[in-house]
Amino acid sequence: MKPLLWDAINPFTGLPFTWDDPNLRFVDGIGMYLEPGDPGFVPYDTPPPPRRKPFRRKRKLKPNPEPNPTQTMSSFKYNVAPNPNGGFTTRPVLGPVISSEAFLAKVATDSGLTPEQAAAAFDAIVGAITACATGCDHATDIRGLLRFRPTSGGTSPTPDGFHNPDDINADIAISLTAAARDAWRAGLTLESLGEVGKVSPLIDSILSQENGAENHYVPGTLIVLNGDLLRFQKTDPTQGVFFRSGNNAEVRATIYGTITPTSLSVLVPDTLTGPLSVRVAAYINGSVRSFTYMTPITN
């Protein structure tokens, strides 16, 4: 049984997963799909697609024949890292955080709008998406560029344990359409920054679920860790998310929301205050490995 990711391709048919697939399951609020040998697996009639050779070297893709003249030409940087399931995978090397002002200035330049008009249009688009998702409406193709759908999860020991949006971890998934993604990929220039060491968890960013602020928390509320290889066993006291205030002993979080390999939500104990260092530990390839986020989070 493996995790089901958004836009995942069924490895046994070569086609996207569908809602009526008999091999889809939800385990602790996380989508999973069955594999041959798992109890209840239903064989597919369509043969699996041929395996591709793994990508192991730097290559330069052909640029878009009509690039946007205002687009800054830069490379998509990545590291090659061992894959816990065998072979290798890649991780993007993040550049600097772009500010709202810089983002809207680019939108204004590309669209011919003023920065104020770009800001108003952006706010209206996000407002329309959230308004639609409030009624669980969703879109599969907006101008051939975007799609969105409401999502939920959460955990409870009993079926009647869900009473508010936080309990069900209500959210909205926004992504590029397949056509827009493929067009973006066609214009990428790849740059490998080499291999990194042994597989370990990775935290790219931490956001307050209370107000969306980066590197910020409100005691007694959830924060969201984004990164890679973040899944861990919550019942193992050596694994999980750990907070440290100054020179005090680490405090292990005990309340978690949805946990996936690339994102997890965790409740900051209400006894903590001030700048906190954050460490995540997970069991990988026979040992517990950890990663400490370099920027303290503040309240």
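The values are calculated or read from the model by the stated rules, or taken from the named source; none is laboratory data. Predicted, not measured: the structure shown is a model, and the values here were computed from it. When we count neighbours, we look across all protein chains shown, and the Cβ atoms used for this are built from the backbone with ideal geometry, even at glycine.
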Original post:
If you go through the stretch 124-166 one residue at a time, how many are in a loop (DSSP other than H, G, I, E, B) and either among the β-branched types (V, I, T) or more than 20 Å from the chain's Cα centre (by Cα) (or both)?
Top reply: 15
**OP:** Determine which member of the set G212, G220 is on the phi > 0 side of the Ramachandran plot, in a loop (DSSP other than H, G, I, E, B), in the same structural domain as A281 (by TED's automatic domain parsing) and at pLDDT below 90.
**Re:** G212
Original post:
Across the stretch 26-50, which residue is modelled with the lowest pLDDT among those that are surrounded by 15 or more Cβ atoms within 10 Å (Cβ to Cβ) and closer than 22 Å to Q233 by Cα?
Top reply: G29
Original post:
Hey, any hits in the stretch 57-69 for a residue that's on the phi > 0 side of the Ramachandran plot and either exposed (fewer than 13 other Cβ atoms within 10 Å of the Cβ) or at pLDDT 80 or above (or both)?
Top reply: no
Original post:
Is it the case that the stretch 230-249 has a residue that's in a loop (DSSP other than H, G, I, E, B), buried (at least 19 other Cβ atoms within 10 Å of the Cβ), of a type in the set (A, V, I, L, M) and modelled with pLDDT of 90 or more?
Top reply: yes
**OP:** Inspect the stretch 132-142 for any residue being modelled with pLDDT under 85 and closer than 25 Å to I30 by Cα and give the result as yes or no.
**Re:** no
**OP:** Answer with yes or no whether D171 is surrounded by 12 or more Cβ atoms within 10 Å (Cβ to Cβ) and charged (D, E, K, R).
**Re:** yes
**OP:** Keeping to the stretch 256-299, report how many residues are over 27 Å from P96 (Cα atoms) and among the hydroxyl-bearing types (S, T, Y).
**Re:** 6
**OP:** Tell me, yes or no, whether the stretch 251-259 has at least one residue that is surrounded by fewer than 16 Cβ atoms within 10 Å (Cβ to Cβ) and either over 18 Å from Y293 (Cβ atoms) or among the β-branched types (V, I, T) (or both).
**Re:** yes
**OP:** Check off (1) exposed (fewer than 13 other Cβ atoms within 10 Å of the Cβ); (2) at pLDDT 90 or above for E195 and give me the number that stays unchecked.
**Re:** (2)
Original post:
Does the stretch 87-102 include one or more residues that are under 30 Å from S192 (Cα atoms), hydrophobic (A, V, I, L, M, F, W, C) and in a strand (DSSP E or B)?
Top reply: yes
